[in-house]
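Written below as structure tokens is the structure these notes are about.
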Amino acid sequence: RNVLSQSKQKALYASTQIEYTWSDHDFTGGNNADSTTNPTGIPFVQAAFGKLFPTYTLPGNGSIYRTWTVGRVRFLITDGRSFMTAIAGTDNASKTKLGATQKTWLKSQMLAAKNAGQVVIWFHEDAWNPSSTYTGDDTWAAYSTERTEIASYVTSNSIPLMIIHGDYHTVAADNGTNS
């Protein structure tokens, strides 16, 4: 509430259309938080999101993933924290950043967009790049089984996709050669 009430921030949010998704620091539980870090806090942060951020229709399960279309572009924002299993867990088919329901939704939205002749822009809060940079990495590097599953789905269905992510502490662009 403090940030949202600052005069310059209020002016920005009142004059500029924005979409927001949380990352580890503003989810619940601090740095590299996942769904196991502070599970009792999750309903509260989800409720706060619903009250503070005007947005497109949410799925109704407390999560904040959503989609909208502008022209021939389908935008997708995923919730990388509410269903994210423990970072330190064994990387196998049960380890997930998205959870089964959201992952099914993501795939169906991507395929529907492709079938409608749309390009997909997917916003996710942390890095897709497979190289882990530190122990306890909360990026897709620690979830390589699920990452490979999604990448294989995108490739096998020839989905025109651009991924935009945050939490990288830099500005960069890549055509896919390095990521």
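The values are calculated or read from the model by the stated rules, or taken from the named source; none is laboratory data. On a predicted model such as this, the values are computed, not experimentally measured, just so you know. No Cβ is skipped: glycine too gets one built from the backbone with ideal geometry, and neighbour counts run over all protein chains shown. Heavy atoms of the whole protein, side chains included, go into the accessibility calculation; ligands, DNA and RNA do not. Shrake-Rupley method; radii C 1.70, N 1.55, O 1.52, S 1.80 Å.
For segment 1-83, which fully contained helices (runs of 4 or more DSSP H) count at least 2 residues that are closer than 21 Å to Leu98 by Cβ and out of contact with any Cys (no Cβ under 9 Å at 6 or more places or on another chain)? Break it down into steps so the answer makes sense when it comes.
Working: elements: 2-5, 7-15, 42-52.
Per the criteria, 42-52.
Applying the set (1) surrounded by fewer than 19 Cβ atoms within 10 Å (Cβ to Cβ); (2) touching a residue at least 24 places away in the same chain (Cβ under 8 Å); (3) over 21 Å from His165 (Cα atoms); (4) not hydroxyl-bearing (Ser, Thr, Tyr) to Lys51 leaves exactly one unmet item: (2).
Residue by residue, here is whether (1) at pLDDT 95 or above; (2) in contact with a strand residue (DSSP E or B) (Cβ under 9 Å, 6 or more places away or on another chain); (3) over 25 Å from Gln118 (Cα atoms); (4) outside any helix (DSSP H, G or I) holds:
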{"residue": "Asp137", "(1), (2), (3), (4)": "no, no, yes, yes"}
{"residue": "Ser158", "(1), (2), (3), (4)": "yes, no, no, yes"}
{"residue": "Asp167", "(1), (2), (3), (4)": "no, no, yes, yes"}
{"residue": "Asp174", "(1), (2), (3), (4)": "no, no, no, yes"}
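For the structure I just gave you, tell me whether Thr101 is touching a residue at least 40 places away in the same chain (Cβ under 8 Å), open to solvent by 30 Å² or more (accessible area, probe 1.4 Å) and not charged (D, E, K, R). So Thr101 passes the test.
In this structure, is Val120 among the β-branched types (Val, Ile, Thr), open to solvent by 20 Å² or more (accessible area, probe 1.4 Å), in contact (Cβ under 8 Å) with a residue 40 or more places away in the chain and on the phi < 0 side of the Ramachandran plot?
On the way: among the β-branched types (Val, Ile, Thr): yes; open to solvent by 20 Å² or more (accessible area, probe 1.4 Å): no; in contact (Cβ under 8 Å) with a residue 40 or more places away in the chain: yes; on the phi < 0 side of the Ramachandran plot: yes.
No, not satisfied.
Determine whether Ala142 is hydrophobic (A, V, I, L, M, F, W, C), under 20 Å from Gly30 (Cβ atoms) and outside any helix (DSSP H, G or I). Before the answer, list the steps.
Working: hydrophobic (A, V, I, L, M, F, W, C): yes; under 20 Å from Gly30 (Cβ atoms): yes; outside any helix (DSSP H, G or I): no.
Against the criterion (hydrophobic (A, V, I, L, M, F, W, C), under 20 Å from Gly30 (Cβ atoms) and outside any helix (DSSP H, G or I)), Ala142 does not qualify.
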